[in-house]
Amino acid sequence: MKADNDKIGLIEVEYIRRVIALTFVVTIVFDVIYLMMGRLELLALTLLDTTVFAVALWLIHVGKVRIAMHLAAFVLTTIIIIQSYLEPTTGFWVSALLVGICLFLGREGLIWAGYAFAGLSVMLYVDAGRGMPQFNLESRMNLLFSLAILFILVMLFLNKIKKQQRDIVQAAGQLASEKAERKKMEMTRNLAGGLAHLINNEMQAILLNTHLLRLDSHEGHRELDKIDDIAGKASSHANQLLAYTGYSQKYAFEQLDLNALLHACVEAYRQELPPHVRLLEARLEGQLMLCRCNREQIRQMLFSLLENAVEACDVDGEVLVGSAIGSAEVPTALITVRDNGCGMSAQMQEQIFEPFFTTKFTGRGLGLSAVSGIVKGHGGTIRVESMAGGGTTVTVCLPMIP
């Protein structure tokens, strides 16, 4: 069974089928009651009800759900209006009918709601002209106003339900999109990591062979040095890509004092410091900052942060390196690298950790994707605070050993 309109789902179709089937049984009961009472005029109307419900059930069975709903709405509304003229209490069935129509037809139910309201108004007007009206003024007003209020409430409820359905569909679509994007990124990272691993192995083989050539010959060392330099740079880039993707699992983690490692990296970097930049080491935490880390990866991370900070500085540049222990319940080590360089715009800050992102100058963006991969691989976080023309502060947070 398939609905003839995408707006009616399979669950709603099943509800409609059950409601109409139940009402079909009820009309048969009324047929028997009116037959026993001898109310032939009402019996004729309920027999018509029964026939309409039978046709509606067949239409639903063949997939014409919306046609079945409109047919049932038209015939039943007409019959109830006529029955109300003969039996006043029947008029109050209109409310239940309209609720069902509006719930399943939505805004299309407005047609039959207006039809029912107009039909009842005409019926009440005709009834008022009879010698002995079956509806007094109060009953007429109550019937019409109750229908109007009920209709408004149902439509408000429908609008709320539709909005919730749209929100759910939108959220589900967004989750599916994010899941697909994560899967795509994971595949890309695995591919990039695998290629980087192969490239790194090949570069190591080249370096090994140049070393062997040096041992065998005293000539051509200059050319071998160039090969070593190129292969070393390629290997370094491959290692950065491995760090970003988190592909490499060969790195051994050990217990390290981040303060000592940070101090050693700062002192080593001073040898390459340009004359227009001062490198300051301040507010280093006095106590041990023990973390489970890979020494080489943390060194690579620190050198990348220092390099980016120095390259961002102009004349009278200053880079300040500090460390502290976080105040969270779980102890964390904080490493801060602050510079007074050109800073970054908000848009640039959203892109600096993307692979291969660069700016018009050679500072920000280079190696930071690898830094992010290293930090995440150690279970930490990285935060960047910057303002165009106002310098940049990078804070790395790594879990400490309790």
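A simple packing score, the average count of other Cβ atoms within 10 Å per residue, orders the peptides 320-327, 36-43 as 320-327, 36-43, with the highest score first.
For L212 and H263, a Förster radius of 60 Å and the Cβ-Cβ distance give a FRET efficiency of 0.95, rounded to the nearest 0.05. Convex hull volume per residue, computed on the Cα atoms of the stretch 254-399, equals 107 Å³.
Shown in residue order for the stretch 37-49 are the 3J(HN,Hα) couplings computed by the Karplus curve 6.51 cos²θ - 1.76 cosθ + 1.60 at θ = phi - 60°: 7, x, 8, 5, 5, 6, 4, 4, 5, 5, 5, 5, 4 Hz (x for Gly and Pro). Taking 22 Å as R0, compute the FRET efficiency from the Cβ-Cβ separation of E329 and E281 and round it to 0.05. Efficiency computed from Cβ-Cβ geometry: 0.15. Sorting 26-32, 396-402 by their mean Cβ neighbour count within 10 Å, with the most densely packed peptide first, gives 396-402, 26-32.
In this structure, E14 and E296 have a Cβ-Cβ separation that, at R0 = 56 Å, corresponds to a calculated FRET efficiency of about 0.35. Phi angles across the stretch 394-402 convert, under the Karplus curve 6.51 cos²θ - 1.76 cosθ + 1.60 with θ = phi - 60°, into 3J(HN,Hα) values of 10, 10, 9, 10, 10, x, 9, 6, x Hz, Gly and Pro given as x.
Residues whose amide H falls under 5 Å from that of E281, counting only those 5 or more places apart or on a different chain, are V321, with hydrogens built in the peptide plane. The amide H of Q351, built 1.01 Å from its N in the peptide plane, has no neighbour under 5 Å, considering only residues 5 or more places off or on other chains.
Amide H to amide H, with H built 1.01 Å from N, A333 comes under 5 Å of G326, L398, M400, counting only residues 5 or more places away or on other chains. Here the Karplus relation 6.51 cos²θ - 1.76 cosθ + 1.60, evaluated at θ = phi - 60°, turns the backbone of the stretch 65-70 into coupling constants of 5, 5, 4, 4, 5, 5 Hz, with x for every Gly and Pro.
Taken together, the values in this text are just the output of simple stated rules run on the coordinates, not laboratory data. Just so it is clear, the structure is predicted and the values come from calculations on it, not from any experiment. For neighbour counting, all protein chains shown are included, and Cβ atoms are generated from backbone atoms with ideal geometry for every residue, glycine included.
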